[in-house]
Amino acid sequence: MVDVFVVAILVGVVQLGSVITINAGEGALAFAGVVLLTIFAAHSFDPRLIWDAAAKERRHSGRRSQEAA
């Protein structure tokens, strides 16, 4: 979503082109890198693994409390 907001801001800034000067420079390269890292992170994220680990821990802690009783 960050890239969408940046594009929206840039569109507004470009409309003010007669008033200000735009020079993206190294910031454009850094932004592209962050967008790529975000894409890779979102692709590798699997929320099912988090829920599976939580369910396993819940079952494991339930057994411990039964053994202690």
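The values are calculated or read from the model by the stated rules, or taken from the named source; none is laboratory data. Just so it is clear, the structure is predicted and the values come from calculations on it, not from any experiment. Quick note on the areas: whole protein, heavy atoms, side chains included, nothing else; ligands and nucleic acids left out. Shrake-Rupley method; radii C 1.70, N 1.55, O 1.52, S 1.80 Å.
I need the Kirkwood Rh of the stretch 1-41: take the reciprocal of the average 1/r across all distinct C-alpha pairs and report it in angstrom.
Kirkwood radius, the stretch 1-41: 11.3 Å.
Taking a temperature of 25 °C and a viscosity of 0.890 mPa s, what whole-number D in µm²/s does Stokes-Einstein yield for the chain with Rh from Kirkwood over alpha carbon pairs? Can you show the working numbers first?
Values: Rh = 16.4 Å.
The calculation lands on 149 µm²/s.
Helix by helix through the chain, keep the DSSP H runs that span 18 Å or more along the axis on Cα and average at least 1.0 on Kyte-Doolittle, and give those back in order.
On the way: long enough: 2-15 (20 Å, 2.49); 26-44 (27 Å, 1.57); 47-68 (32 Å, -1.48).
Qualifying helices, which must be both long enough and hydrophobic enough, are 2-15, 26-44.
Give me the percent of accessible area attributable to carbon and sulfur for the chain, probe 1.4 angstrom.
Carbon and sulfur together cover 68 percent of it.
Just the accessible area per residue of the stretch 1-49, please: how many Å² with a 1.4 Å probe?
Roughly 88 Å² per residue, with all protein chains present.
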